[in-house]
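Every number here is computed from the coordinates shown, using simple stated rules; none is lab data. Since we're looking at a predicted model, the values are computed, not measured. Here the Cβ positions follow ideal geometry from the backbone for every residue, glycine too, while neighbour counts run over all protein chains shown.
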């Protein structure tokens, strides 16, 4: 039971090749299969975090695996959507901005960890993840079913995820910069009070005449 959160993270990583394989085909059946795999991967993301918090099972391996699995999953989907022959497709520049934000935040988090600082994900980051998951589900399904155009719906959510993601990324950079500046100031040596040259440091004994 203690290893279950990490096993779920490994499962999420193992699902990535199957997801990529399904996305190489553009027919509706393959798209629905890919959406189903992505949904299962999102469930493992939720439950591994829930179980780790509930049972206090946060480990160094889990701290590494969980964000790695998330980023592999999202990056794989976004890259495959850009490369897909389906029309309309996801604009490449949006994918560049989203992935650039993820890489920048991950790098900054590593820098902060190297300085002994831990900056937890803020509420904006959680909203970004939520909107991003909704967006990718719609974009993976792509086709219209009934009155729902899943590609259009996914693009709406992707725009929201993009704006919130950039905002949260800038906010995260500001938070880390403040913590690093505060740590630097706290570690700086306190200047000692200078002694005036006209003030004797010790009383000199009087000489006899």
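Computed values, structure above
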| item | result |
| --- | --- |
| The chain: calculated mean residue ellipticity at 222 nm from DSSP helix runs of at least 4, using -39500 (n - 2.57) | -25500 deg cm²/dmol |
| Distance (nanometres) between label positions extended 7 Å along Cα→Cβ at residue 83 and residue 104 | 2.6 |
| Residue with peak Gaussian network fluctuation, the chain [Cα springs, cutoff 10 Å], from 148, 103, 37 | 148 |
| Percentage relative contact order, segment 68-170, counting C-alpha pairs under 8 Å, at least six apart | 28 |
| Choice from 44, 59, 26 showing the highest fluctuation, given a GNM over the chain with Cα pairs closer than 10 Å | 59 |
| Percent RCO, i.e. relative contact order, over segment 4-185, from Cα pairs under 8 Å lying at least 6 residues apart | 23 |
| Three-way shape label, the chain, alpha-carbon gyration tensor, a/c 1.5 | prolate |
| Percent RCO, i.e. relative contact order, over segment 4-87, from Cα pairs under 8 Å lying at least 6 residues apart | 48 |
| In degrees, nearest ten, helix 92-114 long axis to first principal axis of the chain (Cα) | 40 |
